[in-house]
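Just so you know, all these numbers are worked out from the coordinates, no wet-lab data involved. Keep in mind it's a predicted model, so treat the numbers as computed, not measured. Here the Cβ positions follow ideal geometry from the backbone for every residue, glycine too, while neighbour counts run over all protein chains shown.
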Amino acid sequence: MATAVTVPHYSESETLLARLTQAGIDASQIRFVINSHLYNDHCGVNRFFPQATVLLHQSEYDHAVGMMDTGKHGYMRDDFCGDGQTVEMIECDDSYDIFDGSRLRLLSTVGHTPGHQSLQVTFPSGRQFVMTGDALYTSRQLATRQPLGLVFDKREALASANRLADLGEKGATILIHHEPGIWSE
């Protein structure tokens with residue numbers, strides 16, 4: 001499990017399930033689980049949503065299964081989904097609409113991993129947010145269009161950084177998961 005490799009630094013009231021309960025949402029109400037990629041720090045709680053369909057890039061799943069449990073790559077057996085959980089494999093070169101009308105769209109942001117994906121959310125007002133997963137780690141990387149850090153394919157990572165920066169320039173709010181300062185806004 002994820003906590004065997006990554007030790008979380010938060011209280012019990014700050015866990016994902018506790019936060020959902022605080023918001024009045026039961027885990028059984030969650031219809032879809034979307035991970036940017038299958039490293040343990042991004043999918044380690046998938047099993048807590050047994051009624052949800054897990055949407056995975058086929059290329060990410062294939063790579064993760066080949067690398068899991070090697071102790072070197074962040075993929076842990078049994079973190080991808082729980083027993084009996086529905087998994088829907090998708091493969092897209094550009095984007096994949098989860099619902100008609102593009103309210104929720106998976107964007108291919110390959111580079112950090114072979115099947116990395118970001119999530120674009122469009123509200124009825126037209127306001128857009130893009131959750132980047134590990135396509136970028138900092139706002140500086142977004143501003144300079146230079147993905148640093150751990151990448152599977154540097155060329156693809158650069159293309160993904162450019163794609164995210166372009167979306168930001170067109171008005172989307174880019175949410176970079178591993179940059180704590182961005183969440184205070």
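For the stretch 93-185, a crude dipole built from +1 on the beta carbon of Lys and Arg and -1 on the beta carbon of Asp and Glu, taken about the Cα centre, is about 180 debye to the nearest 20. Note on the stretch 1-121: dipole from Cβ charges, positive end direction compared against 15, 121, 67; the farthest Cα belongs to 15. In this structure the amide hydrogen of residue 115, modeled in the peptide plane, comes within under 5 Å of the amide hydrogens of 60, none closer than 5 places in sequence on its chain.
Taking the Cα centre of the chain as reference, the dipole from Cβ charges on Lys and Arg (+1) and Asp and Glu (-1) amounts to some 440 debye. Distances between placed amide hydrogens fall under 5 Å for residue 32 paired with 53, all partners being 5 or more residues away or on another chain.
Near the amide H of residue 175, within less than 5 Å, lie the amide hydrogens of 130, 131, 132, all on another chain or at least 5 residues away, with H placed in the peptide plane. Projecting the Cα positions of 92, 108, 58 onto the charge dipole of the chain (unit charges on Cβ atoms of Lys, Arg, Asp and Glu, taken about the Cα centre) puts 108 furthest along the positive direction.
What the phi angles of the stretch 46-58 give under the Karplus curve with 6.51, -1.76 and 1.60, with θ = phi - 60°, is a coupling list of 3, 5, 7, 10, x, 8, 7, 8, 8, 9, 10, 5, 4 Hz, glycine and proline written as x. The calculated pair-distance distribution of the stretch 1-91 uses every alpha carbon pair, bins of 10 angstrom beginning at 0, and gives 17, 47, 31, 6 percent.
Cα centroid separation, the stretch 124-185 to the stretch 77-96: 22 Å. Placing a pseudo-label 7 Å from each Cα along the Cα-to-Cβ vector at residue 122 and residue 104 gives an inter-label distance of 1.6 nm.
Kirkwood analysis of the Cα pair distances in the chain returns a hydrodynamic radius of 17.1 Å. If you take every DSSP beta bridge whose two residues both sit in the stretch 93-185, what share of them, in percent to the nearest 5, is antiparallel? Of all bridge pairs located within the stretch 93-185, approximately 80 percent are antiparallel. For the peptides 168-174, 142-148, residues were scored by their other Cβ atoms within 10 Å and the scores averaged per peptide; the highest-first order is 142-148, 168-174.
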